[in-house]
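The values are calculated or read from the model by the stated rules, or taken from the named source; none is laboratory data. What you are looking at is a predicted structure, and each value in this text was computed from that prediction instead of being measured. When we count neighbours, we look across all protein chains shown, and the Cβ atoms used for this are built from the backbone with ideal geometry, even at glycine.
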Amino acid sequence: MKFIKIYFFALLIGNISFSQEKISFFHYALNSHIESPDTLEAIWGMELEFTTKRTYLDDSIFIESRLFTGDDDKAIKFKIKDGVWFYKKHFMWHLFYDYKKNVGGKISFLREKYLVKLENVVTLRNEILYKLTFTPVNNVSYSHFLEYYFSPNKGIVLIISNGGSILLRTDYFNIPLSHKEIQMIQNSK
Amino acid sequence: MIPCSKPSPCVGIRTCSDYSPFGVELDGRTVSLEGYRFGYQGFEKDNEFKGDGNSYTTEFRQLDPRLGRWLSVDPLNEIFPEMSPYNSVGNSPIFFVDVDGKKIVPSNDFLSTDYGRVFQNLRVNNSEFGKSIEKFENNTQYNLYLWINDTKCKSAGAAGLTKGPEKPRASRTANVNSWFLSSTDVSENTKFQYSELGVVLIVAHEAIHQKLSLSPLIEDANHNIYNTEREALVKILTEYSIDNNLNLSKENIDILSFAGQQNSKEFEKYISDLAHVNNLTFEQQKKIYDKSLSKLIHVKKVVPITD
């Protein structure tokens with residue numbers, strides 16, 4: 001019996017030591033800051049800039065902080081299975097988005113419950129990006145909200161506020177969007 | 001507590017207490033004379049029900065301060081679908097008080113914040129601002145509900161949250177009930193904060209959204225409909241500038257009044273026209289605009305001096 005206990009303890013230690021987490025940070029900078037993201041120059045819209053932290057627990061499960069929750073200390077755990085995204089709440093997996101059926105789930109953050117919607121698709125610099133929005137389920141309307149543009153390979157790479165601020169993920173974009181490119185995105189709505 | 005040594009006349013403190021956020025009297029920090037019935041937020045104590053300090057009664061409901069929950073549902077629960085009908089003060093005891101168990105109103109603590117002061121100042125002294133929110137005054141159906149969440153640079157980015165309007169349209173109202181969840185810090189990294197003019201701009205901008213929410217117009221995603229009310233924002237800012245001797249030029253008022261509308265067709269035309277006059281590209285002119293706006297509404301953060 002003692003031998004079995006030691007065996008399982010060793011197995012547990014082995015699992016812990018081999019399952020090292022991979023952590024990535026992604027910074028979202030204003031379109032006008034993208035060429036110099038570390039600048040401390042004051043500019044309209046800088047209040048929206050942020051860095052998100054993604055912790056991979058394994059190949060298909062990761063935890064993302066800040067991106068949707070707006071808070072470093074609040075994170076959402078995601079799982080991707082056969083291209084379908086799930087998030088974890090109350091120890092259960094719930095649908096986030098099903099690309100195959102084009103069906104969005106419902107998710108709560110920032111005091112509201114939202115319906116996840118895939119609005120349309122744009123081709124930007126030869127890459128296909130999917131536009132994701134969150135529509136409040138309850139009887140409220142936002143005067144200001146964000147549109148998220150999603151690359152299946154990279155995640156959210158572009159965020160546009162309806163007030164006109166544009167955030168680019170700095171590991172994906174290194175050249176600012178031109179006025180023509182912004183118009184193209186806006187006209188694709 | 002100061003005991004009265006003379007029968008009369010005499011002034012003394014009858015009760016003194018420190019409370020947890022939702023109203024539990026803290027052990028060792030409460031003294032009270034027999035017979036004094038009132039406590040947290042001026043509520044009447046209901047000591048027979050659950051023991052000393054464990055229950056309060058108001059005009060509409062009973063509160064259990066240990067849970068921070070009312071014992072019965074909110075009489076206005078239908079117009080606050082996003083909140084539990086049992087929650088107390090919107091779960092934000094710093095920002096609100098709820099004196100009758102029915103309607104939460106801004107607390108004095110909130111009104112002493114930067115946003116609270118500006119809101120109250122504009123509400124009382126700026127006639128154009130007053131016109132923008134007049135439909136919310138004494139309205140029993142809709143509350144002015146502003147939520148500005150720049151504190152931690154919320155990436156979900158909602159700067160204003162408007163309750164309603166749904167059919168039927170609002171009728172009339174009680175107190176203006178504003179909801180700001182914010183400091184004036186712009187960013188943790190950039191060491192800037194909003195100037196008072198910046199706070200005025202944000203409050204006024206969102207008030208116009210609120211005005212539109214009770215009008216027949218339905219706002220579009222890009223602030224094109226909002227732009228039809230830009231003149232109201234110009235008037236608010238002009239009046240504020242005169243009242244406070246800021247001498248803002250028409251050019252600066254225009255820069256301010258286009259803030260947050262950079263997706264609108266009017267803004268596109270505004271920048272294109274300026275770019276044409278200045279012989280610049282659209283991108284160059286837009287960058288100048290962003291910097292000019294920032295100069296008006298951002299100031300270096302005041303860092304307290306420490307030894």
Q. Just one of A:F50, A:F68, A:F26 is modelled with pLDDT of 90 or more, within 26 Å of A:P176 (Cβ to Cβ) and within 14 Å of another protein chain (Cβ to nearest Cβ); which is it?
A. A:F26
Q.
Can you list the strands (runs of 3 or more DSSP E) lying wholly within segment A:109-189 that have 3 or more residues being touching a residue at least 40 places away in the same chain (Cβ under 8 Å), more than 9 Å from chain B (Cβ to nearest Cβ) and surrounded by fewer than 19 Cβ atoms within 10 Å (Cβ to Cβ)?
A. A:112-124
**Q.** Residue that is surrounded by the fewest Cβ atoms within 10 Å (Cβ to Cβ), among those in segment B:227-242 that are of a type outside the set (V, I, T) and either touching a strand residue (DSSP E or B) at 6+ places or on another chain (Cβ under 6 Å) or over 13 Å from B:V200 (Cα atoms) (or both)
**A.** B:E231
Q) facing another protein chain (nearest Cβ under 9 Å), in a helix (DSSP H, G or I) and either free of Cβ contacts under 8 Å to residues at least 40 places away in the same chain or closer than 25 Å to B:V199 by Cα (or both) - does that describe any residue in segment B:246-268? A) yes
Q: Please specify each residue of segment B:16-42 satisfying the condition of being at positive phi and surrounded by fewer than 11 Cβ atoms within 10 Å (Cβ to Cβ).
A: B:G28, B:G35, B:G42
Q. On the given criteria, is B:K291 at the interface with chain A (Cβ under 10 Å from one of its Cβ atoms) and among the charged types (D, E, K, R)?
A. yes
Q) In the list B:K286, B:K235, B:K211, which residue meets the criterion of being in contact with a helix residue (DSSP H, G or I) (Cβ under 8 Å, 6 or more places away or on another chain) and facing chain A (nearest Cβ under 8 Å)? A) B:K286
Q) Mind checking whether some residue in segment B:290-297 is among the acidic types (D, E), under 21 Å from A:Q183 (Cα atoms) and in contact with a helix residue (DSSP H, G or I) (Cβ under 9 Å, 6 or more places away or on another chain)? A) yes
Q.
For segment B:45-68, give me the residue count where each residue is acidic (D, E) and exposed (fewer than 14 other Cβ atoms within 10 Å of the Cβ).
A. 3
Q. How many residues does segment B:49-97 contain that are in a loop (DSSP other than H, G, I, E, B) and at pLDDT 75 or above?
A. 22
Q: Give just the number: which of (1) out of contact with any Lys or Arg (no Cβ under 6 Å at 6 or more places or on another chain); (2) touching a residue at least 12 places away in the same chain (Cβ under 8 Å); (3) surrounded by fewer than 18 Cβ atoms within 10 Å (Cβ to Cβ) does A:V103 not satisfy?
A: (2)
**Q.** strands (runs of 3 or more DSSP E) contained entirely in segment A:57-100, each with at least 1 residues that are surrounded by fewer than 16 Cβ atoms within 10 Å (Cβ to Cβ)
**A.** A:75-81, A:84-89, A:92-98
Q: Might you let me know whether segment B:214-226 holds any residue that is surrounded by 19 or more Cβ atoms within 10 Å (Cβ to Cβ), out of contact with any Leu (no Cβ under 7 Å at 6 or more places or on another chain) and assigned to a helix (DSSP H, G or I)?
A: no
(Q) Just to be sure before I move on: is A:I43 within 14 Å of another protein chain (Cβ to nearest Cβ) and not in a loop (DSSP other than H, G, I, E, B) in the structure I sent? (A) no
Q: Taking B:H298 as the residue in question, decide whether it is under 21 Å from A:H144 (Cβ atoms), touching a strand residue (DSSP E or B) at 6+ places or on another chain (Cβ under 8 Å) and either surrounded by 16 or more Cβ atoms within 10 Å (Cβ to Cβ) or of a type in the set (V, I, T) (or both).
A: yes
Q: Provide a single number: the residues in segment A:24-40 that are among the hydroxyl-bearing types (S, T, Y), outside any strand (DSSP E or B) and touching a residue at least 60 places away in the same chain (Cβ under 8 Å).
A: 1
Q | Unique residue being buried (at least 19 other Cβ atoms within 10 Å of the Cβ), over 22 Å from A:K180 (Cα atoms) and not hydroxyl-bearing (S, T, Y) when the list is B:L256, B:L246 | A | B:L256
